[in-house]
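Shown next, in structure tokens, is the structure this report addresses.
The values are calculated or read from the model by the stated rules, or taken from the named source; none is laboratory data. Please read all numbers here as calculations on a predicted model, not as lab measurements. Here the Cβ is made from the backbone with ideal geometry for all residues, glycine too, and neighbour counts use every protein chain on show.
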Amino acid sequence: MSNQKKRNFQIEAFKHRVVMDPKYADKTWKILEHAIHEIYNHNASGLSFEELYRNAYNMVLHKFGEKLYSGLVSTMTGHLKDIAQSVEAAQGGSFLEELNRKWNDHNKALQMIRDILMYMDRTYIPSTQKTPVHELGLNLWKENVIYSSQIRTRLLNTLLELLHSERTGEVIDRGILRNITKMLMDLGPSVYGQEFENHFLQVSAEFYRVESQKFIECCDCGDYLKKAERRLNEETERVSHYLDSRTEKKITNVVEKEMIENHMLRLIHMENSGLVHMLCDDKYEDLSRMYNLFRRVTDGLSKIREVMTSHMRESGKQLVTDPERLKDPVEYVQRLLDEKDKYDKIINLAFNNDKSFQNALNSSFEYFINLNPRSPEFISLFVDDKLRKGLKGVSEDDVEVTLDKVMMLFRYLQEKDVFEKYYKQHLAKRLLSGKTVSDDAERSLIVKLKTECGYQFTSKLEGMFTDMKTSQDTMQGFSACHPELNDGPTLTVQVLTTGSWPTQSSVTCNLPAEMSTLCEKFRSFYLGTRTGRRLSWQTNMGTADLKATFGKGQKHELNVSTYQMCVLMLFNNADRLSYKEIEQATEIPASDLKRCLQSLALVKGRNVLRKEPMSKDIGEDDAFFVNEKFSSKLYKVKIGTVVAQKESEPEKQETRQRVEEDRKPQIEAAIVRIMKSRKQLDHNNLIAEVTKQLQSRFLANPTEVKKRIESLIERDFLERDDSDRRLYRYLA
Amino acid sequence: MHKLGRGHRDKLQQFISITGVSEKVALQSLKASDWHVEGAIDFFYSQPQFTDSRHLEELYNRYKDPYVDMILADGISLLCSDIQVDPQDIVMLVLSWHMKAGTMCEFSKKEFIEGLQSLGIDSLEKFREKIPYMRSQLKDEQKFRDIYNFAFGWAKEKGQKSLALDTAIGMWQLLFAEKQWPLVDHWCQFLQARHNKAISRDTWSQLLEFAKTVGSNLSDYDAEGAWPYLIDEFVEYLNENGIIQSGLIIDSTLKR
């Protein structure tokens with residue numbers, strides 16, 4: 001075994017310094033300098049990359065990096081100065097081409113030089129924090145070529161001129177522009193900005209300012225918008241072709257500002273072609289264009305919305321207050337529905353279903369529909385008309401569509417309780433006269449109302465339907481019980497629960513003997529199975545079918561009201577009757593009787609009675625006869641059906657009063673509810689809470705609420721606090 | 001004798017002139033209430049008073065109605081002439097308040113006797129002496145409010161909830177003559193022209209608040225101030241008739 005010591009090999013540096021021959025540095029530099037010249041003169045093919053790289057490497061290694069670097073700078077600068085001169089010398093159109101060509105050359109050269117000087121780039125430059133070669137090349141180009149006094153402005157002007165020509169319709173060389181702008185971007189975004197973009201934007205702004213001014217003087221709104229749109233598209237396209245993509249937003253902002261923002265109001269309000277005009281004429285395309293363009297600028301859409309809202313409100317207001325329209329409620333409501341449809345379509349097609357516009361529509365409709373206090377009544381009449389005849393033969397889906405549209409209008413009403421009152425009245429008449437087109441449609445609407453307003457709203461209405469059904473069953477039981485009555489007159493009874501149906505005062509009326517016995521039989525039948533109930537005959541709401549034979553043997557079946565039946569039956573026992581006699585015999589109230597007689601004697605085609613004298617008014621001593629000469633093409637003649645009509649002035653007052661009366665207990669109930677849960681609450685908050693609670697039915701009047709509060713204080717439900725008189729306390 | 005400062009001596013004189021008691025008793029009461037004259041008066045009267053119940057019976061019998069065990073209108077007029085007070089004088093209201101009388105123009109035996117006892121009266125002399133004291137009570141804010149609110153229940157018909165308008169107007173004119181509310185006449189005119197119905201308790205009591213807190217030019221009237229509806233209407237009425245126009249008094253007969 002060897003016991004040799006392990007020996008580490010050590011390599012030591014040369015003990016003596018090897019100094020490069022200073023002349024060596026010069027010589028090496030001269031080689032490289034020459035190479036650079038050759039590269040710039042397009043003679044690079046004869047050079048050896050490897051050799052040049054080694055030379056550069058050696059220089060840096062031997063600490064001659066400084067010399068190399070500064071040599072590079074001066075050499076390159078020299079070349080660039082030459083290049084600048086040649087570019088300056090270029091004439092007219094070839095200026096840009098020359099510049100572009102030289103730029104390409106420079107880049108190629110730079111690439112090669114950088115490769116050669118890679119070692120310096122990686123070692124000398126980082127340690128001395130000098131600019132790397134590539135960047136240096138760009139900077140030198142910028143300083144010597146672009147910033148050259150002759151080139152700088154000329155470059156900018158050339159570019160701007162070209163752009164201007166293109167804007168005015170000429171065709172230009174886009175390729176060269178693309179290269180130039182790319183060059184500027186390569187030199188640095190700030191260079192691009194300063195040398196080109198900023199000026200470009202400024203000049204463009206001026207251009208569009210002038211152009212928009214020119215257009216707005218001579219174009220109408222629609223055309224102007226088309227032009228603006230076209231310009232925007234142009235600019236976008238321009239950017240994509242030969243400008244930096246970051247310019248797009250900036251230039252479109254400029255166009256938007258100059259062409260749209262500065263002229264927004266003028267465009268909207270332009271006579272004969274502005275926004276209002278477009279709305280009225282359903283110009284979907286123009287509106288859509290306006291929407292899309294205005295969307296781009298701040299407040300653009302809100303301006304449109306503002307004008308649209310005030311227009312809707314104004315035209316809506318005219319609609320609801322126009323006395324012509326008010327004559328026909330069904331027309332009135334149809335017009336409202338048409339307006340709604342129109343604007344829905346506009347918002348859908350032109351305004352991109354924008355929610356804020358939808359809201360504007362809703363608030364406008366709510367505003368003007370409630371301007372007319374008769375709107376609830378009219379909407380109910382519209383529904384009545386549809387359910388009586390309007391929806392005859394219409395498919396189920398279409399029925400649903402119509403009812404949904406009506407519900408939309410209903411939602412806008414502030415006084416929903418007024419609607420309820422009228423709807424009840426109209427529904428009662430429809431049900432009792434059997435004049436409803438479709439039971440399903442009726443029920444469908446009730447369901448919709450229930451969904452909208454809650455169970456309470458519709459419970460009475462549903463009660464009415466139930467009563468109708470129950471009555472049918474009752475009638476079946478009655479006829480089963482009294483088969484002997486099948487030979488005589490047929491009696492059909494509807495038994496109405498008082499609370500559900502609109503209140504009617506009971507009136508006097510003497511039924512003919514045949515009828516009254518029948519009615520008595522029914523009464524005892526009904527009360528026989530249901531004790532504790534009270535029945536009263538509503539003779540003002542019934543109908544009758546009579547078979548009549550006239551003078552020449554013409555037979556007709558007459559469909560009349562109960563009152564009319566009573567009157568006509570009298571003539572079975574008398575040929576001539578005076579008004580007084582009729583009044584005494586029937587005991588029908590005077591005003592109703594007069595109306596009844598008028599409808600029997602004075603209406604052409606329905607004059608089953610003759611009156612002497614032939615005047616329109618009914619006098620005490622007027623005499624009535626059967627009109628033996630009565631004729632009608634139809635066998636069945638309908639006289640005086642009880643149709644729902646627009647109320648007369650006094651009737652309207654009465655209904656309104658009843659609604660007000662009904663509201664009082666509702667307000668009180670709300671107050672008590674709130675105070676019970678809060679135990680104490682101050683005046684203003686109480687009023688606010690009550691109003692909110694009642695909102696779904698009607699708009700509570702603060703004065704009325706105050707009166708109710710006082711009434712409740714009086715009845716010891718509430719008291720005022722001793723120290724703070726604005727505070728109310730609940731008394732259990 | 002104690003050395004009294006000028007201020008204390010004045011107060012002593014005042015006390016004696018109102019209550020008619022001796023200096024010694026007056027001093028006691030004043031010291032006990034730290035030399036506040038009104039407090040001293042209250043203190044003095046709230047002390048259990050010695051009254052001769054026999055004398056009280058006698059007094060009662062003097063005024064009681066021959067047929068009913070109550071003092072009615074005749075008895076009251078006799079009482080008034082005895083104590084030298086006009087029956088319409090507001091001090092009669094104060095007296096009724098002390099008696100906790102249920103209705104005007106009649107006193108039950110209990111009311112009469114207990115009322116006089118609490119005032120320390122068992123003779124006509126003492127009665128007459130107490131009159132100034134009773135008048136002075138109207139000057140106290142809190143007492144005036146109590147008396148005012150008492151007046152509603154007292155003046156209305158038995159079994160009614162509200163006060164008849166005519167009676168209310170009479171009472172208001174009486175009470176506010178004392179308290180000096182400048183708008184009282186306009187208020188009464190307004191009621192007769194527009195309202196013509198009975199007055200509720202709430203309206204009655206709130207009117208006092210209104211008269212006290214809202215200046216007579218109505219510049220600090222707050223429409224949201226939870227005033228009864230009638231008062232809101234009154235303000236409207238004043239504005240409509242040009243009596244008050246946004247804070248300025250047009251009617252020169254109104255005292256500021």
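Observations, loosely collected:
- Residue identified as among the hydroxyl-bearing types (Ser, Thr, Tyr), buried (at least 19 other Cβ atoms within 10 Å of the Cβ) and either touching a residue at least 12 places away in the same chain (Cβ under 8 Å) or part of a helix (DSSP H, G or I) (or both) among B:Ser136, B:Ser118, B:Ser96: B:Ser96
- Across the stretch A:519-558, the qualifying residues are those that are outside any loop (DSSP other than H, G, I, E, B) and among the basic types (Lys, Arg), and the one among them that is nearest to A:Pro489 (Cα to Cα) is A:Lys547.
- Boolean, A:Thr492 is at pLDDT below 90, surrounded by 18 or more Cβ atoms within 10 Å (Cβ to Cβ) and not aliphatic (A, V, I, L, M): no
- Going through (1) closer than 17 Å to A:Asp385 by Cβ; (2) among the charged types (D, E, K, R); (3) within 31 Å of the chain's Cα centre (by Cα) one by one, A:Lys429 falls short only on (3).
- Residues that are in a loop (DSSP other than H, G, I, E, B) and either surrounded by fewer than 17 Cβ atoms within 10 Å (Cβ to Cβ) or of a type in the set (Val, Ile, Thr) (or both), drawn from the stretch B:139-167: B:Lys139, B:Asp140, B:Glu157, B:Lys158, B:Gly159, B:Gln160, B:Lys161, B:Ala164
- Cβ-Cβ contacts under 7 Å between residues 6 or more apart (or on different chains), taken from a first residue in the stretch A:505-516 that is closer than 10 Å to A:Trp537 by Cβ to a second residue that is aliphatic (A, V, I, L, M), are listed as A:Cys509/A:Ile588.
- Top-ranked residue in the stretch B:187-201 [being modelled with pLDDT under 85 and surrounded by 13 or more Cβ atoms within 10 Å (Cβ to Cβ); ranked as farthest from the other protein chains (Cβ to nearest Cβ)]: B:Arg194
- A:Val659 meets the conditions (1) surrounded by fewer than 17 Cβ atoms within 10 Å (Cβ to Cβ); (2) away from every other protein chain (no Cβ under 14 Å); (3) touching a residue at least 24 places away in the same chain (Cβ under 8 Å) in every case but one. The failed one is (1).
- Qualifying residue in the stretch B:170-180 (condition: assigned to a helix (DSSP H, G or I), within 14 Å of another protein chain (Cβ to nearest Cβ) and either crowded, with 17+ Cβ neighbours inside 10 Å or of a type outside the set (Lys, Arg) (or both)): no
- Of residues in the stretch B:206-235 being small (Gly, Ala, Ser) and facing chain A (nearest Cβ under 9 Å), the one farthest from A:Pro702 (Cα to Cα): B:Gly225
- The set of residues from the stretch A:411-457 being in contact (Cβ under 8 Å) with a residue 12 or more places away in the chain, hydroxyl-bearing (Ser, Thr, Tyr) and assigned to a helix (DSSP H, G or I) comprises A:Tyr412, A:Tyr422, A:Tyr423, A:Ser433, A:Ser444.
- Candidate set: the stretch B:233-256, residues that are surrounded by fewer than 16 Cβ atoms within 10 Å (Cβ to Cβ) and touching a Ser or Thr at 6+ places or on another chain (Cβ under 9 Å); chosen: the one modelled with the highest pLDDT: B:Asn239
- Inspection of the stretch A:138-152 identifies at least one residue that is touching a helix residue (DSSP H, G or I) at 6+ places or on another chain (Cβ under 7 Å) and surrounded by fewer than 14 Cβ atoms within 10 Å (Cβ to Cβ).
- When the stretch A:138-158 is filtered for residues that are within 18 Å of A:Phe200 (Cβ to Cβ) and touching an Asp or Glu at 6+ places or on another chain (Cβ under 9 Å), the ones remaining, listed by number, are A:Ile146, A:Ile151, A:Arg152, A:Arg154, A:Leu155, A:Leu156.
- Among residues of the stretch A:364-412 being more than 27 Å from A:Ser315 (Cβ to Cβ) and of a type in the set (D, E, K, R), the one that is modelled with the lowest pLDDT is A:Lys392.
- On inspection, B:Lys158 does not qualify as free of Cβ contacts under 8 Å to residues at least 12 places away in the same chain and over 27 Å from B:Val235 (Cβ atoms).
- Filtering the stretch A:697-732 to residues that are surrounded by 13 or more Cβ atoms within 10 Å (Cβ to Cβ) and small (Gly, Ala, Ser) leaves A:Ala700, A:Ser711.
- Residue match in the stretch A:336-353 (condition: closer than 19 Å to A:Lys405 by Cα, at pLDDT below 90 and not acidic (Asp, Glu)): no
- Whichever residue in the stretch B:202-232 is in a loop (DSSP other than H, G, I, E, B) and in contact with a Phe, Trp or Tyr (Cβ under 7 Å, 6 or more places away or on another chain) and, among such residues, is surrounded by the most Cβ atoms within 10 Å (Cβ to Cβ): B:Trp227
- Of all residues in the stretch A:230-247 being in contact (Cβ under 8 Å) with a residue 40 or more places away in the chain, of a type outside the set (Phe, Trp, Tyr) and in a helix (DSSP H, G or I), the one that is nearest to A:Glu197 (Cα to Cα): A:Thr247
- Checked against the criterion of being in contact (Cβ under 8 Å) with a residue 40 or more places away in the chain, among the hydrophobic types (A, V, I, L, M, F, W, C) and either within 14 Å of chain A (Cβ to nearest Cβ) or closer than 21 Å to B:Gly102 by Cβ (or both), the candidates B:Leu183, B:Leu163 yield just one match: B:Leu163.
- Of all residues in the stretch A:679-730, those that are away from every other protein chain (no Cβ under 13 Å), in a loop (DSSP other than H, G, I, E, B) and without any contact (Cβ under 8 Å) to a residue 40 or more places away in the chain total 2.
- Residue match in the stretch A:674-695 (condition: out of contact with any helix residue (DSSP H, G or I) (no Cβ under 7 Å at 6 or more places or on another chain), at positive phi and surrounded by fewer than 18 Cβ atoms within 10 Å (Cβ to Cβ)): yes
- Listed by position, the helices (runs of 4 or more DSSP H) enclosed by the stretch A:157-221 that each have at least 2 residues that are of a type in the set (Phe, Trp, Tyr), farther than 20 Å from A:Trp103 by Cα and at pLDDT 90 or above are A:198-218.
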